[in-house]
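Have a look at the structure below before the remarks.
The values are calculated or read from the model by the stated rules, or taken from the named source; none is laboratory data. This one's a predicted model, so the numbers in the text were calculated from it and none came from an experiment. Cβ coordinates were reconstructed from backbone atoms using ideal geometry, including for glycine residues, and neighbour counts include every protein chain displayed.
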Amino acid sequence: MPVVELNGIRKSFGAVRALDGVDLSIGDGEHVGVLGPSGSGKSTLLRVVAGLETADEGDVRFAGEPQGDTPAHHRDCAIVFQHFALYPHMTALANITTGLRYGLGLPKRAAEARARDLATVMQVEHLLDRKPRQMSGGQRQRIALARALARQSGVVLLDEPLSGLDAQLHSVLRLEIAAMLRAAGATAINVTHDQLDAMAMADRIAVINQGRIDQVGTPDDLYDRPATLFVAGFIGSPP
Ligand code: ADP
Ligand code: MG
């Protein structure tokens, strides 16, 4: 059974049709990239999955269960936002443990143990006492990722997790994040406008174009057999 399913999702903001009939199915432990240009509906898609936005039509299922109006904090997912969204007044440790303690109800000691484990994996254990402003962008993003993975939720949602990083850190974190998600066996939806990120990180890629998914396939499928000119243009090989 798929971990996440989207069936016929439509969402408009006034006259803007952000999502125009999206179907997508993500298997257990799969890393799916959603690749498309700015304004194509990627963030809206993630927000609908997370329950931060309500679809006008269609349904979202987690492990077969329709989510209906289930609020975000009751959904089995964790989201990493484009611009980290760490709590500025809290240390890195508190940023990771807050959701574990007050969301999942873990005792302080257990929450901190789990936070330290994830911080070790992300190589940020030496930063746990720092506040976000005392860290670089790359360090903040590692903490945000540790926070999402520490929840051990059914699915990790990443909204342009590498944007805003300098080129070198970008290419290092691209591989690290993919490896870490794989090592954790995490099911992930990773939204990006960067075809190299999608090609390097994802098991399958869904190419989104004006709120519709043009094609879903492995990076090789899309590269070798693009279904539309749009996909060909985005992936960079002629149809
Ligand atoms: P992407 O993440 O691919 O850049 P978005 O999902 O953010 O795209 O946006 C898709 C479209 O929906 C855009 O035209 C955007 O302007 C519009 N949109 C997104 N969120 C809102 C909102 N809260 N209010 C009005 N329009 C929105
Ligand atoms: Mg976006």
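Here is a list: Ala200, Ala206. Which entry is more than 14 Å from the chain's Cα centre (by Cα), of a type in the set (Gly, Ala, Ser) and either more than 16 Å from ligand 1 (Cβ to nearest atom) or crowded, with 20+ Cβ neighbours inside 10 Å (or both)?
Ala200
Of the residues in region 12-27, how many are of a type in the set (A, V, I, L, M, F, W, C) and within 10 Å of ligand 1 (Cβ to nearest atom)?
Kept after step one, since they are of a type in the set (A, V, I, L, M, F, W, C), are these residues of region 12-27: 13, 15-16, 18-19, 22, 24, 26.
Filter once more, so that each one left must be within 10 Å of ligand 1 (Cβ to nearest atom): 13, 15-16, 18-19.
Result for region 12-27: 5.
Would you mind finding the one in Leu162, Leu157 that is at pLDDT 90 or above, within 16 Å of ligand 1 (Cβ to nearest atom) and surrounded by 17 or more Cβ atoms within 10 Å (Cβ to Cβ)?
Leu157
Yes or no: Leu145 of a type outside the set (S, T, N, Q) and either on the phi > 0 side of the Ramachandran plot or touching a residue at least 24 places away in the same chain (Cβ under 8 Å) (or both)?
yes
Checking the structure you have, find out if any residue of region 151-164 is farther than 29 Å from Gly21 by Cα and β-branched (Val, Ile, Thr).
no
Identify the residue in region 209-220 that is within 14 Å of ligand 1 (Cβ to nearest atom) and buried (at least 18 other Cβ atoms within 10 Å of the Cβ) and, among all such residues, is nearest to Arg10 (Cα to Cα).
Looking at residues that are within 14 Å of ligand 1 (Cβ to nearest atom) and buried (at least 18 other Cβ atoms within 10 Å of the Cβ), I get Gly211.
Within region 1-77, which strands (runs of 3 or more DSSP E) (wholly inside it) include 2 or more residues that are surrounded by 15 or more Cβ atoms within 10 Å (Cβ to Cβ), among the hydrophobic types (A, V, I, L, M, F, W, C) and within 16 Å of ligand 2 (Cβ to nearest atom)?
Strands (runs of 3 or more DSSP E) meeting the threshold: 16-26, 31-35.
So, Ala92, is that one within 16 Å of ligand 1 (Cβ to nearest atom), hydrophobic (A, V, I, L, M, F, W, C) and more than 20 Å from Ala184 (Cα to Cα) or not? Step through it out loud before you land on a result.
Values: within 16 Å of ligand 1 (Cβ to nearest atom): no; hydrophobic (A, V, I, L, M, F, W, C): yes; more than 20 Å from Ala184 (Cα to Cα): yes.
For Ala92, the condition - within 16 Å of ligand 1 (Cβ to nearest atom), hydrophobic (A, V, I, L, M, F, W, C) and more than 20 Å from Ala184 (Cα to Cα) - is not met.
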